[in-house]
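Here is the structure we will look at, set down as structure tokens.
Every read-out reported here was derived from the displayed coordinates using simple, explicitly stated rules and does not represent laboratory data. Keep in mind it's a predicted model, so treat the numbers as computed, not measured. With ideal geometry, Cβ positions are generated from the backbone for all residues, glycine too; neighbour counts draw on all protein chains shown.
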Amino acid sequence: MVVSPAKKEFTYSTADFEAVRKKLKKLTGINLADSKDSMVYSRLARRIRVLKLGSFLQYLTYLDNNAPEQEEFVNALTTNLTSFFRESHHFDALEAHLKKNPKATKIWCAASSTGEEPYSIAMTAVKAFGKFSCPVQIIASDIDSKVLQTAREGMYRSDQIRDLPIEMKRQFFHRGTGNHDGKVRVVKELRELVQFQKLNLMDDSYAIPKNIDIVFCRNVMIYFDKPTQLDILQKIVKHMAHDSLYIAGHSENFGHVSQVLTPLGKTIYKPKRG
């Protein structure tokens, strides 16, 4: 593949795409599919423009010699597709688990993106305990520093909560006015239940407490090859309590890591203890 400069602002070759894939794999463990070549061009072309460089080759050279740009590179190429109460059966299971195990209070959302998932967890906890001052510690992590800032702000378009029950909208969101017309913000009491932090699942160790009771790590492992999945899951399980739950995404299959996780049904697992 060679993209003609007559059609694109910057020359973009197969070698450029492969170099980007190799760099992203090294930094994050993520394997970009062959089909992502157009996405890579459109997202990194913005960085090339900002930096006033002339080509992908120049950008890749710049990337190797400027560590701060690596964060911008990762932010540009990581995908953040999420919504409130996505895969809703998991939140039904969470509510039931919290009611049955009220001391299962440490929850880790390992790919928090722009915050919809950890705030859905927090809303579920409030519902389970019947109060905002519920005894939960929700840790929400992501590799992308920009989406974490969005998550901390807790500001969303009004249409993003369109399908939530009206009682939930009233309890958990403030409607924006003036410059924020058409937006809503998560109420302070709910925001205070979630602690956001930057974390790369490829790191050798995680700055996460031990004895986590519930891990949400959904639709993340699909971006890693199987050996990397096993490595990450082994590290995550080290932070999990004995009777904890691991909640995966609907498209993830962990048959190859049966030595680490035991399925409970509906993409919910428990850590396997030797």
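Here are a few things to note about the model shown:
- Dividing the helix sum by the residues of the chain, where each DSSP H run of 4 or more adds -39500 (n - 2.57), gives a mean residue ellipticity at 222 nm of -12000 deg cm²/dmol.
- Computed E for Arg175/Glu153 - FRET, C-beta separation, R0 25 angstrom, nearest 0.05: 0.95
- Fully extended contour minus Cα-Cα distance, from Arg49 to Asp231, at 0.36 nm per residue: 61.8 nm
- For region 188-265, the C-alpha radius of gyration sits at 1.15 times the compact-globule guess of 2.2 N^0.38 Å, with N the residue count.
- Radius of gyration and Dmax over the Cα atoms of region 7-54, both given in Å: 11.0, 32
- Surrounding net charge for Arg46, when Lys and Arg each add one and Asp and Glu each subtract one, Cβ distance under 14 Å: +3
- Contour excess over end-to-end distance, with Cα ends at Glu95 and Lys210 and 0.36 nm allotted per residue: 39.2 nm
- Computed over neighbours whose Cβ is under 13 Å from that of Thr82, the net charge equals -3, Lys and Arg +1, Asp and Glu -1.
- Degrees, to the nearest 10: 37-50 long Cα axis against longest axis of the chain: 80
- Cβ-derived FRET efficiency at R0 22 Å, Asn65 paired with Ser38, nearest 0.05: 0.25
- Shape box of region 115-183 [Cα atoms, principal axes, largest first, Å]: 35, 33, 19
- Spatial separation of Cα centroids for region 54-107 and region 206-250, in angstrom: 13
- Over the Cα atoms of region 1-160, the radius of gyration divided by the Kirkwood radius equals 1.11; this is the Rg/Rh ratio.
- Taking the C-alpha atoms only, the angle from helix 14-28 to the longest principal axis of the chain is near 30 degrees.
- Region 89-271 - percent relative contact order, Cα under 8 Å, separation 6 or more: 21
- Taking the convex hull of the alpha carbon positions in region 23-110 and averaging its projected area over all directions gives 8.4 nm².
- For the chain: Kirkwood Rh in Å [reciprocal of mean 1/r, alpha carbons]: 20.2
- Charged neighbours of Ser205, selected by a Cβ distance under 15 Å, balance to +1 (K, R count +1; D, E count -1).
- Difference of contour (0.36 nm per residue) and Cα-Cα distance, Thr11 to Gln259: 84.6 nm
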